[in-house]
Amino acid sequence: MNRSTPRARIGVVGAGMVFDAYARGLAWYGDLPVIRIADIDVGRARAKAEQHGIPAYGTPAELYADPDVDVVVNITPPVAHWEVTRDALAAGKHVYSEKPLAATVTLARENLAQAKAAGRVLAGAPDTFLGTAGQTARAAIDGGLIGTPFAATSFVRSSKVEAKHPDPGFFFQPGGGPTLDWGPYHVAALVNLLGPVAEVVGTSTIPSPRITVTTPNRVVDEVEVSVPTTVAAILRTASGAIVSTLYSFDIWDMTLPHIEVYGTEGTLNIPDPNRHDAPVLIKRRTDTDWSELPPVIAPTRAPEAGPFRGHGVNDLVESLRGQPLRVPGEFALHVLEVLEAIEQSTFAAGVRAITSRAERPAPAALPQSVSA
Ligand SMILES: NC(=O)c1ccc[n+]([C@@H]2O[C@H](COP(=O)([O-])OP(=O)(O)OC[C@H]3O[C@@H](n4cnc5c(N)ncnc54)[C@H](O)[C@@H]3O)[C@@H](O)[C@H]2O)c1
């Protein structure tokens, strides 16, 4: 993609590890320039500005005060999401926040109420279900290829973050853990496919209260674990489908699928929902083997590129031009409420009802109809 007149001018708060994925993704669109970057550590903002040719950098307050910034992209750690989103909305900006929308449902609701009162758009990650795999699976279900979906499985294994991130503490603190760090990809994908979740029941454990950091360029040697790192839960969707989940940072690897959806006429095997364009497999009652579903939309990123983010920001910008917003804050809030319920599950507490309701996001406009 390459367009020249900016559709929106982007200011990014948080100059950390995921910034390069946003820089790559927004550059792919060509007309969503990052015009300013900010961080509480201004040295980090300057380094990213120099690396990516961003014209301005500085403190978050300077970014909020910049009248040229239309949309703030909040890619700070989860515990800072609420505050950064609050301050950006107060400055009159539209906001796209990384996942989770805030560290707690209560704080996320505050952000949403503020956005509504201010007449500003608050949208949130994850946006990966907008990619080819998520849309192909969605089209298969909507087209009846597996009949009526009645069950699913969703498994998260260790992201091995302690071997990759120089300062991985926040992945093991409130707002992180396998549930709130990786769970958003899974639950967003499941809500996209099966609709909103109505009830959750489960239980959890913390097998290792301290984690050794092995990244060569680490800035800490060990991190404390203050959230459950292995959680098993059963979800029931409003449509009546049941989903079995096992979300763990302690399971170093597994052979279980990332996500499978089971329908009355067949099964869909869905690739890692943290990614965009891997194949979706199908096996119907009448099939002798698994086959790849043809993608219903073109790849949503260049194949040779590294980690990639930005489709959700583009979706926000398009919604300002009258298109449906497929990653609204309400959707991210619902995902967060489900994840919080999963993480806090105990057998003693029993079944927890989910009070928020998100619509299934509109599917991508398809070049052709998909049907059984
Ligand atoms: N690292 C990844 O691969 C990845 C992938 C997808 C999503 N995410 C999400 O992106 C977000 C950021 O992750 P990361 O890995 O880049 O984190 P990081 O720790 O590498 O970087 C976060 C940056 O935010 C800055 N910061 C902290 N509090 C701030 C505040 N109040 N105001 C301004 N700046 C502040 C820090 O100084 C740091 O530079 C998280 O929500 C994470 O879940 C990360």
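Listed residues VAL95, VAL73, VAL42, VAL69; which is at pLDDT 95 or above, closer than 18 Å to SER319 by Cα and more than 23 Å from the chain's Cα centre (by Cα)?
VAL69
When residues of the range 27-39 are filtered for being over 22 Å from PHE171 (Cα atoms) and modelled with pLDDT of 95 or more, how many remain?
7
Residues to consider are THR288, THR229, THR237; find the one that is open to solvent by 30 Å² or more (accessible area, probe 1.4 Å) and of a type in the set (Val, Ile, Thr).
THR288
Look at LYS99 and say whether it is outside any helix (DSSP H, G or I), closer than 23 Å to PHE171 by Cα, basic (Lys, Arg) and open to solvent by 10 Å² or more (accessible area, probe 1.4 Å).
yes
Take the conditions closer than 20 Å to ARG352 by Cα, away from the ligand (no atom under 16 Å from the Cβ) and part of a helix (DSSP H, G or I) and apply them to VAL200. Does it pass?
no
How many residues, within the range 10-36, are within 11 Å of the ligand (Cβ to nearest atom), open to solvent by 30 Å² or more (accessible area, probe 1.4 Å) and either outside any loop (DSSP other than H, G, I, E, B) or among the charged types (D, E, K, R) (or both)?
Selection size over the range 10-36: 1.
Residues are listed down the side, and each one gets a yes or a no for (1) within 30 Å of ALA91 (Cβ to Cβ); (2) crowded, with 24+ Cβ neighbours inside 10 Å; (3) not aromatic (Phe, Trp, Tyr):
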position	(1), (2), (3)
ALA115	yes, no, yes
GLY119	yes, no, yes
ALA123	yes, yes, yes
ASP127	yes, yes, yes
ALA137	no, yes, yes
LEU145	no, no, yes
PHE155	no, no, no
VAL161	no, no, yes
GLY169	yes, no, yes
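For the list (1) within 16 Å of the ligand (Cβ to nearest atom); (2) of a type outside the set (S, T, N, Q); (3) in contact with a Leu (Cβ under 9 Å, 6 or more places away or on another chain), I need the number of the one condition that ALA163 fails.
(3)
Name every residue in the range 292-320 that is farther than 21 Å from VAL12 by Cβ and surrounded by fewer than 13 Cβ atoms within 10 Å (Cβ to Cβ), in order of residue number.
GLU292, PRO294, ALA298, PRO299, PRO303, GLU304
Please tell me if VAL73 is out of contact with any strand residue (DSSP E or B) (no Cβ under 8 Å at 6 or more places or on another chain), closer than 18 Å to PHE331 by Cα and either open to solvent by less than 30 Å² (accessible area, probe 1.4 Å) or of a type in the set (Gly, Ala, Ser) (or both).
no
Go through the range 124-162 and give me each residue that's over 20 Å from ALA278 (Cα atoms) and among the β-branched types (Val, Ile, Thr).
THR148, VAL161
Identify the single condition in (1) open to solvent by 20 Å² or more (accessible area, probe 1.4 Å); (2) at pLDDT below 95; (3) within 20 Å of the chain's Cα centre (by Cα) that ASN217 does not satisfy, given that it satisfies every other one.
(3)
Which of the residues belonging to the range 50-85 are away from the ligand (no atom under 13 Å from the Cβ), at negative phi and either assigned to a strand (DSSP E or B) or of a type in the set (Gly, Ala, Ser) (or both)?
Correct list: ALA56, ALA65, VAL71.
With GLU260, GLU340, GLU265 as the choices, which residue is surrounded by 14 or more Cβ atoms within 10 Å (Cβ to Cβ) and either farther than 21 Å from PHE155 by Cβ or free of Cβ contacts under 8 Å to residues at least 12 places away in the same chain (or both)?
So the residue among GLU260, GLU340, GLU265 that is surrounded by 14 or more Cβ atoms within 10 Å (Cβ to Cβ) and either farther than 21 Å from PHE155 by Cβ or free of Cβ contacts under 8 Å to residues at least 12 places away in the same chain (or both) is GLU265.
The values are calculated or read from the model by the stated rules, or taken from the named source; none is laboratory data. Computed from a predicted model, the values in this text were never measured in an experiment. Here the Cβ is made from the backbone with ideal geometry for all residues, glycine too, and neighbour counts use every protein chain on show. In case anyone asks, the SASA skips ligands and DNA or RNA and just uses the protein heavy atoms, side chains included. Shrake-Rupley method; radii C 1.70, N 1.55, O 1.52, S 1.80 Å.
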